[in-house]
Amino acid sequence: MIEDMLRTPAAVQDAERHTAHNYHPLPVVISSAEGAWVTDVDGRRYLDCLAGYSALNFGHRHPTLIAAAHAQLDKLTLTSRAFIHDQFADFCRELAALCGKDLVLPMNTGAEAVETGIKVARKWGYQVKGVPGGQANIVVAEGNFHGRTTTIVSFSTDEDARADFGPYTPGFRVVPYGDLAALAEAIDEHTVAVLLEPIQGEQGVVVPPEGYLPGVRRLCTERDVLFIADEIQSGLGRTGTTFACEQEGVVPDMYLLGKALGGGIVPVSAVAADTDVLGVLRPGQHGSTFGGNPLACAVATEVVRLLATGEFQRRSADLGERLHAGLRGLIGKGLVAVRGRGLWVGLDLDPSLMSGREACERLMERGVLAKDTHGSTIRLAPPLVITEEEIDHAVAQVAAVLAG
């Protein structure tokens, strides 16, 4: 039988045998990829509509980014920050310009960027705002996802991420997402920052009410509090603008960036802010062995240059309209709600039909990869290199799954 000749089942079992079960992946084993498509060990192709949670905004193996990585691999990959390398200045200067900020602090993972933002905000609070030592607090939102370190899960409201990892780090206040009145009430004289995702990705691509982000910006300015925007998933072209905050004309005090910054090749993250904020750090107070390494900088600089053209932001905006329109046509036909911006969509399924996991398994069988979250919700975040025809194909497969 053909099934007996497939390599996937054995490869899945082998992977499960020797790994901690901290993920529940779909049973597909990918061996190669190009653009918006991946191929498994049995030669079957799938349209990637997850794009590594936005880490692959420019698609798999974008030729410009691959060329930059190859060229750098032949020269220099790591020095540590004990020295300066020849790729560092270009990356920091060009990313700072893209963000409209003075300074950049490079790290590796998104969680490291968040931890960096928390540390900088606290230090700013003590040194600049004058908060008494050890009294700083940061306001965050329910439904947040900022990573999985001990400090970050301390202010998560997702029990899967939080349960049994205590004792928890103090210094955080959680308020409902989108509720300006609750946010205003939570801020006091010891508040140093408000940390928010402009769009909550893990929660199901939840877009805040119109006027919420400008309201957050206004409150932070009035109360002398830093507005920290976690744009790790939402930023770098995903929503149709360079940053999701731009959708409402908002400029935060600090950007937290990651995922797409590494071009799907190396982990790269960064914090971008002006000198009056990031300038509070002194040598020895924060760092990373691999943060800002030559290979990372070479790739990330090319990512910044791709974004500087505006091409990918326009693609996300234009193709996003097509994707949203197609999916909205399925409301009442198995979909309860469609939300998001650009090429980023959360779909709420009729829970009586199937779970989000079951929908993703059925989509996988039809050659489309997506990810479920929170029961009956699935997320679509295809690479920004996807075509109109491929978007129509994805929508058609969603329709087919819903139709049974």
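The values are calculated or read from the model by the stated rules, or taken from the named source; none is laboratory data. These numbers come from a predicted model, not from an experiment. Note: ideal-geometry Cβ built from the backbone for every residue, glycine included; neighbour counts use all protein chains shown.
Only one of GLY367, GLY340, GLY375 is out of contact with any Cys (no Cβ under 9 Å at 6 or more places or on another chain) and either closer than 19 Å to ASP160 by Cβ or free of Cβ contacts under 8 Å to residues at least 12 places away in the same chain (or both); which? Steps first, please.
Details: GLY367 fails: either closer than 19 Å to ASP160 by Cβ or free of Cβ contacts under 8 Å to residues at least 12 places away in the same chain (or both); GLY340 fails: either closer than 19 Å to ASP160 by Cβ or free of Cβ contacts under 8 Å to residues at least 12 places away in the same chain (or both).
Only one candidate qualifies: GLY375.
Among the residues of the range 123-137, is any crowded, with 23+ Cβ neighbours inside 10 Å and of a type outside the set (Val, Ile, Thr)? Please lay out each step first, then the result.
So in the range 123-137, the residues crowded, with 23+ Cβ neighbours inside 10 Å come out as 124-125.
This time we only want the ones that are of a type outside the set (Val, Ile, Thr), so: 124-125.
There is at least one residue in the range 123-137 that is crowded, with 23+ Cβ neighbours inside 10 Å and of a type outside the set (Val, Ile, Thr).
So which of VAL192, VAL174 is under 14 Å from LEU219 (Cα atoms) and in the same structural domain as PHE243 (by TED's automatic domain parsing)?
VAL192
Read through the list (1) surrounded by 13 or more Cβ atoms within 10 Å (Cβ to Cβ); (2) free of Cβ contacts under 8 Å to residues at least 24 places away in the same chain; (3) farther than 27 Å from ALA260 by Cβ, then give the number of the only condition that PHE155 fails.
(3)
What are the residues in the range 92-119 that are touching a strand residue (DSSP E or B) at 6+ places or on another chain (Cβ under 7 Å) and in a helix (DSSP H, G or I), if any? First the steps, then the outcome.
Filtering the range 92-119 down to residues touching a strand residue (DSSP E or B) at 6+ places or on another chain (Cβ under 7 Å) leaves 92, 95-96, 99, 101, 103-110, 112-114, 116-118.
Of everything in the range 92-119, those that are touching a strand residue (DSSP E or B) at 6+ places or on another chain (Cβ under 7 Å) and in a helix (DSSP H, G or I) turn out to be CYS92, LEU95, ALA96, CYS99, GLY110, GLU112, ALA113, VAL114, THR116, GLY117, ILE118.
Conditions first: (1) buried (at least 21 other Cβ atoms within 10 Å of the Cβ); (2) within 30 Å of SER32 (Cβ to Cβ). VAL266 passes all but one, so which condition is the exception?
Going through (1) buried (at least 21 other Cβ atoms within 10 Å of the Cβ); (2) within 30 Å of SER32 (Cβ to Cβ) one by one, VAL266 breaks only (1).
Assuming ARG61 fulfils every condition listed in (1) touching a strand residue (DSSP E or B) at 6+ places or on another chain (Cβ under 8 Å); (2) surrounded by 17 or more Cβ atoms within 10 Å (Cβ to Cβ); (3) not aromatic (Phe, Trp, Tyr) apart from one, which condition is it?
(2)
Condition first: in contact with a helix residue (DSSP H, G or I) (Cβ under 9 Å, 6 or more places away or on another chain), among the small types (Gly, Ala, Ser) and farther than 29 Å from PHE312 by Cα. Now tell me which residues in the range 80-133 satisfy that.
ALA121, GLY133
If we keep just the residues of the range 1-50 that are in contact with a Lys or Arg (Cβ under 6 Å, 6 or more places away or on another chain) and in a loop (DSSP other than H, G, I, E, B), which is nearest to ALA381 (Cα to Cα)?
LEU50
When both residues are 6+ apart or on different chains and their Cβ atoms are under 8 Å apart, which pairs have a first residue that lies in the range 258-272 and is polar (S, T, N, Q), and a second that is assigned to a loop (DSSP other than H, G, I, E, B)?
Here the result reads SER269/ASN108; SER269/THR109; SER269/ILE232; SER269/GLY258, each pair linking the range 258-272 to a residue that is assigned to a loop (DSSP other than H, G, I, E, B).
Here are some residues: GLU388, GLU365. Which one is in contact with a helix residue (DSSP H, G or I) (Cβ under 8 Å, 6 or more places away or on another chain) and surrounded by fewer than 15 Cβ atoms within 10 Å (Cβ to Cβ)?
The conditions single out GLU388.
Take ASN108 and tell me if it is within 18 Å of PRO267 (Cα to Cα), touching a Gly at 6+ places or on another chain (Cβ under 7 Å), buried (at least 17 other Cβ atoms within 10 Å of the Cβ) and not small (Gly, Ala, Ser).
Considered against the rule, which asks whether it is within 18 Å of PRO267 (Cα to Cα), touching a Gly at 6+ places or on another chain (Cβ under 7 Å), buried (at least 17 other Cβ atoms within 10 Å of the Cβ) and not small (Gly, Ala, Ser), ASN108 comes out as yes.
Check whether at least one residue in the range 102-111 is over 25 Å from the mean Cα position of the chain (by Cα) and assigned by TED's automatic domain parsing to the domain that holds VAL299, and report yes or no.
Taking every residue of the range 102-111 in turn, none turns out to be over 25 Å from the mean Cα position of the chain (by Cα) and assigned by TED's automatic domain parsing to the domain that holds VAL299.
Any residue at all in the range 302-314 that is within 30 Å of HIS393 (Cα to Cα), free of Cβ contacts under 8 Å to residues at least 40 places away in the same chain, aliphatic (A, V, I, L, M) and out of contact with any strand residue (DSSP E or B) (no Cβ under 7 Å at 6 or more places or on another chain)?
no
Out of the helices (runs of 4 or more DSSP H) lying entirely within the range 276-373, which hold 2 or more residues that are over 18 Å from the mean Cα position of the chain (by Cα) and either under 21 Å from ILE265 (Cα atoms) or of a type in the set (Phe, Trp, Tyr) (or both)?
Helices (runs of 4 or more DSSP H) meeting the threshold: 294-308.
Quick check on my filter: what residues within the range 204-233 are touching a residue at least 60 places away in the same chain (Cβ under 8 Å), within 18 Å of GLY258 (Cβ to Cβ) and not in a strand (DSSP E or B)?
Matches in the range 204-233: VAL205, ILE232, GLN233.
Looking at ALA359, ALA296 in this structure, which one is closer than 24 Å to ALA69 by Cβ and crowded, with 18+ Cβ neighbours inside 10 Å?
Just a single option satisfies the conditions, and that option is ALA296.
Give the number of residues within the range 188-218 that are more than 28 Å from VAL338 (Cα to Cα) and surrounded by fewer than 19 Cβ atoms within 10 Å (Cβ to Cβ).
Number of matching residues: 4.
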